[in-house]
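What follows is a short report on a single structure.
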Amino acid sequence: MRYVRQIGVVMVKDLRAELRTKEALNASLAFALMILLLFSYTFDPTQEMMREISGGLLWIVFAFAGTLTLNRSFARELPNDCLDALIAAPIPGSALFLGKCFASFVLVLAVELVSLPVFGIFYNVRWTAQLPELILVLLLGTWALTVIGTIFSALTVNIKLREVMLPMLTYPVLMPALMSAMRITTVLVNGAPIGADELDWLKMLIGFDVIFTAVSLALVETVLVG
Amino acid sequence: MPVASLFDASVWAAMLAGVVAVIASILFLRTRNFFYDALALAVTEIGLILLAVGIVTGAVAGRLAGALWWTWDPRLASALVCWLLYAPYLMLRAAIEEPTQRAASAAVVSIFAFVDVPLAVAAVHWWLARHAAPAQPAGMAQATWWSVLLVAMLGVVLSWVRLRREQRRRAADAERRSEQTV
């Protein structure tokens, strides 16, 4: 119970700091809308084309915009040596990590929930046909993105090339989860239910979440303290 | 050695390098002995080189057999994904100055990459299985046991040379630092 409260305190602190300045949220949102707009120039958004690529397009937008938020997750603590204070705080490193994870999770999810309707309007896609399943994939995929992003955000926080290194580390590791999310999202956005193939991908996505949450929790003390 | 089996052989050798790298990384985090860090660096670097050679020969073998350079063959594609997984390991090392932090961060990345390899390979195979990939990848053959052995031995020798060089460099570095403090 104590542990849950510790996670909650870190999460609420992060969300409050973000909602006061909105520095990551605004950048991430503007970036997501920008990519959605730019994609419409790279190909002719016909009905058949969208049937093929909607999942891939959406998750590329989510992954790119998400990294902007995740970059700030630990970098926000650098001024005034807040990071040292957090590490010295009487809470386990895993609680700090999970608190930051949940805070980023909420922020990234918020950006996604704004991007989805805009995507539907720009590309004439009725994406609500399989809403509960789509939400499930959104939650699982976003968790994968935030877990990997947060642990690598902590890893790269003291490096000069932080903004460059985070995506370089995050995207390759994230690839299996992104592929799963893209494949399932494409099917769901087209209004089809989850079939046997998508079930396999869903298992991959859940497995990815479980495995990398466990690995991150096992290594987080090393990452934070060195 | 026929070009056709070189791809397969170098993939096996690179996998071996990945296993050694993750074991060395875990041992470093446990013992903080910098020998293991140097070992992980040496095998990762040589493994990446072997994998790059494998990917290029795979593409060339496909071309020689009359197909295209790149046909999204699942084995070639997953080799490329693994290469992209491990390349940031070296970039991260180059970006961190402080030796202990560099070694610990690199070890963490090595562990993440190793855990991700089976998932990524499976995902690439599933993905390409749906996309009418060529039934039999053109121009590539299964590696014979001796070609695997030969490439693996080459890898071991190269890693050993690289390890010695890294250790000499570190020794020189330590000497320079101690002179500065005096």
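Please work out if B:L39 is more than 11 Å from every other protein chain (Cβ to nearest Cβ) and aliphatic (A, V, I, L, M).
It is true that B:L39 is more than 11 Å from every other protein chain (Cβ to nearest Cβ) and aliphatic (A, V, I, L, M).
Any chance you could count how many residues in the stretch B:121-133 are small (G, A, S) and either crowded, with 23+ Cβ neighbours inside 10 Å or free of Cβ contacts under 8 Å to residues at least 12 places away in the same chain (or both)?
Number satisfying all stated conditions: 3.
Across the stretch A:201-216, which residue is nearest to the other protein chains (Cβ to nearest Cβ) among those that are in contact (Cβ under 8 Å) with a residue 24 or more places away in the chain and open to solvent by 10 Å² or more (accessible area, probe 1.4 Å)?
Per the criteria, the residue is A:M204.
For a quick check of your reading of the model, give me the residue pairs whose first member lies in the stretch B:61-88 and is away from chain A (no Cβ under 14 Å), whose second is surrounded by fewer than 16 Cβ atoms within 10 Å (Cβ to Cβ) and part of a helix (DSSP H, G or I), with beta-carbon atoms closer than 6 Å and at least 6 apart or on different chains.
Close Cβ pairs (under 6 Å, with a partner that is surrounded by fewer than 16 Cβ atoms within 10 Å (Cβ to Cβ) and part of a helix (DSSP H, G or I)) amount to B:A61/B:V3; B:W69/B:R63.
In the set A:N158, A:N124, which member is outside any helix (DSSP H, G or I), facing another protein chain (nearest Cβ under 8 Å) and not aliphatic (A, V, I, L, M)?
Among A:N158, A:N124, only A:N158 is outside any helix (DSSP H, G or I), facing another protein chain (nearest Cβ under 8 Å) and not aliphatic (A, V, I, L, M).
Give me the residue from the stretch B:98-112 that is under 15 Å from A:T156 (Cβ atoms) and at the interface with another protein chain (Cβ under 9 Å from one of its Cβ atoms) and, out of that set, most open to solvent (accessible area, probe 1.4 Å).
That would be B:E98.
Determine whether the stretch B:82-93 contains at least one residue that is hydroxyl-bearing (S, T, Y) and more than 28 Å from B:F35 (Cβ to Cβ).
no
Out of A:L219, A:L178, report the one residue that is open to solvent by 10 Å² or more (accessible area, probe 1.4 Å) and more than 17 Å from the chain's Cα centre (by Cα).
A:L219
Can you tell me which residues in the stretch B:13-49 are within 25 Å of B:R170 (Cα to Cα) and crowded, with 24+ Cβ neighbours inside 10 Å?
Those that are within 25 Å of B:R170 (Cα to Cα) and crowded, with 24+ Cβ neighbours inside 10 Å: B:A17, B:A21, B:S25, B:D37, B:L39, B:A40, B:L41, B:A42, B:V43, B:T44, B:I46, B:G47.
Yes or no: the stretch A:89-104 includes at least one residue that is hydrophobic (A, V, I, L, M, F, W, C), more than 22 Å from A:L145 (Cα to Cα) and crowded, with 16+ Cβ neighbours inside 10 Å.
For the stretch A:89-104, residues hydrophobic (A, V, I, L, M, F, W, C), more than 22 Å from A:L145 (Cα to Cα) and crowded, with 16+ Cβ neighbours inside 10 Å: present.
Looking at the stretch A:62-72, is at least one residue hydroxyl-bearing (S, T, Y) and at pLDDT below 95?
Looking through the stretch A:62-72, at least one residue is hydroxyl-bearing (S, T, Y) and at pLDDT below 95.
Among the listed residues A:A192, A:A196, which satisfies the condition of being more than 22 Å from A:F74 (Cα to Cα), hydrophobic (A, V, I, L, M, F, W, C), open to solvent by 10 Å² or more (accessible area, probe 1.4 Å) and in contact (Cβ under 8 Å) with a residue 12 or more places away in the chain?
Result: A:A192 is the single residue among A:A192, A:A196 that is more than 22 Å from A:F74 (Cα to Cα), hydrophobic (A, V, I, L, M, F, W, C), open to solvent by 10 Å² or more (accessible area, probe 1.4 Å) and in contact (Cβ under 8 Å) with a residue 12 or more places away in the chain.
The values are calculated or read from the model by the stated rules, or taken from the named source; none is laboratory data. Just so you know, these numbers come straight off a predicted model, no measurement behind them. For neighbour counting, all protein chains shown are included, and Cβ atoms are generated from backbone atoms with ideal geometry for every residue, glycine included. Ligands, DNA and RNA are stripped out before the accessible areas are found, and what is left, the full protein with its side chains, is counted by its heavy atoms. Shrake-Rupley method; radii C 1.70, N 1.55, O 1.52, S 1.80 Å.
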